[in-house]
1. Here is a check on your reading of the model: is B:Ile125 more than 14 Å from chain A (Cβ to nearest Cβ), surrounded by fewer than 19 Cβ atoms within 10 Å (Cβ to Cβ) and not basic (Lys, Arg)?
2. Going through segment B:10-33 one residue at a time, which ones are more than 8 Å from every other protein chain (Cβ to nearest Cβ), out of contact with any strand residue (DSSP E or B) (no Cβ under 8 Å at 6 or more places or on another chain) and in contact (Cβ under 8 Å) with a residue 24 or more places away in the chain?
3. Among residues belonging to segment B:51-73 that are within 7 Å of chain A (Cβ to nearest Cβ) and among the small types (Gly, Ala, Ser), point out the one that is farthest from the chain's Cα centre (by Cα).
4. Among the residues of segment B:148-159, count how many are basic (Lys, Arg) and either surrounded by 15 or more Cβ atoms within 10 Å (Cβ to Cβ) or facing another protein chain (nearest Cβ under 9 Å) (or both).
5. Kindly provide the set of residues from segment B:4-42 that are polar (S, T, N, Q) and in a strand (DSSP E or B), ordered by number.
6. Taking segment A:34-50 as the search range and keeping residues that are out of contact with any His (no Cβ under 8 Å at 6 or more places or on another chain) and open to solvent by less than 50 Å² (accessible area, probe 1.4 Å), which one is farthest from the other protein chains (Cβ to nearest Cβ)?
7. Could you please find all residues in segment A:128-147 being buried (at least 22 other Cβ atoms within 10 Å of the Cβ) and either of a type in the set (Phe, Trp, Tyr) or at positive phi (or both)?
Number of protein chains: 2
Amino acid sequence: MTLNGKRAIQDDYADDYAWCYGCGRLNEAGLQLRTVWEGEQTVTIYTPRKEHTAIPGFVYGGLIASIIDCHGTGSAALALHRKNGHEPGDGVEPPRFVTASLHVDFIKPTPQDIPLKAVGTVEEIHPKKWKVHTELYAGEECCVKGEVVAALMPKTMMK
Amino acid sequence: MTLNGKRAIQDDYADDYAWCYGCGRLNEAGLQLRTVWEGEQTVTIYTPRKEHTAIPGFVYGGLIASIIDCHGTGSAALALHRKNGHEPGDGVEPPRFVTASLHVDFIKPTPQDIPLKAVGTVEEIHPKKWKVHTELYAGEECCVKGEVVAALMPKTMMK
């Protein structure tokens, strides 16, 4: 499976770390978000389910926060992986990030029944800490802006 | 149904606005979060489902963001309702807030298989805009701090 013809970083996470409710490919009850490069930016596309509503007609903010969260960790993983000389699909396990902080500004209500596209710009603020600036679009309209500080998964979270 | 012996603000939302994936009592696929007063603070309690995982053993950040989000709007509704002279269950429809911004700091990984308790402090920053500071506890441990700016639902979101 590809997104915009590209392999997603989540497709290459180690099996043990592929259970995230937001972006784990092995979590069948989850959102299975997937993040790819688009030029120098990163992209995640997701169409909310019918139940992901806030007020009828508009998408639930917690779902949008989830998209921005996993788009952030996925984008940071893409970026550090590339810095290390690797791309999704080249057989090397990518780094796995977790979220240190998440900020979401809901600029306007996000309409339902349309795919949402998160577009991210990645900034290295420390070798183990990356900041991802995200704009979330419904069609042509930017409805939400978000920022994630993603940190390399600490050893205490590993098995 | 009560929480800590108290009626939740979400129990009194108008039917049209009770479909939120996070806190709508009519959304059967959702989380059905419920928020009550505890002294001068507000409380929401939720036990994550098995699938709400980040890395196995730890709760998914997007789910935590969702709890903080709906706890924020619910707390703001409780506070403005009280300011207007009302309490849940007195037969008066409470105000309905939406999220203007959401900030979440993940201080330490949140363990799974334990109820999470969000404790909020509400601050009026404008008659139509309230800030809710939230600490999220797993047992005795504060794992997450969050802040929501909640705004009265604009007329453009109403039916």
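1. Here the answer is yes, as B:Ile125 does meet what is asked.
2. B:Asp11, B:Asp12, B:Tyr13, B:Ala14
3. Looking at residues that are within 7 Å of chain A (Cβ to nearest Cβ) and among the small types (Gly, Ala, Ser), I get B:Ala54.
4. Adding up the residues that qualify gives 1.
5. B:Thr35, B:Gln41, B:Thr42
6. Taking the candidates together, the pick is A:Trp37.
7. A:Trp130
A quick yes/no check of all residues on (1) modelled with pLDDT of 95 or more; (2) closer than 20 Å to A:Leu63 by Cβ:
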| site | (1), (2) |
| --- | --- |
| B:Asn4 | no, no |
| B:Tyr13 | yes, yes |
| B:Val43 | yes, no |
| B:Tyr46 | yes, yes |
| B:Gly61 | yes, yes |
| B:Ala100 | yes, yes |
| B:His103 | yes, yes |
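The values are calculated or read from the model by the stated rules, or taken from the named source; none is laboratory data. Here the structure is a predicted model, which is why all the values come from computation and not from measurement. With ideal geometry, Cβ positions are generated from the backbone for all residues, glycine too; neighbour counts draw on all protein chains shown. Surface accessibility is based on the protein's heavy atoms, side chains included, excluding ligands, DNA and RNA. Shrake-Rupley method; radii C 1.70, N 1.55, O 1.52, S 1.80 Å.
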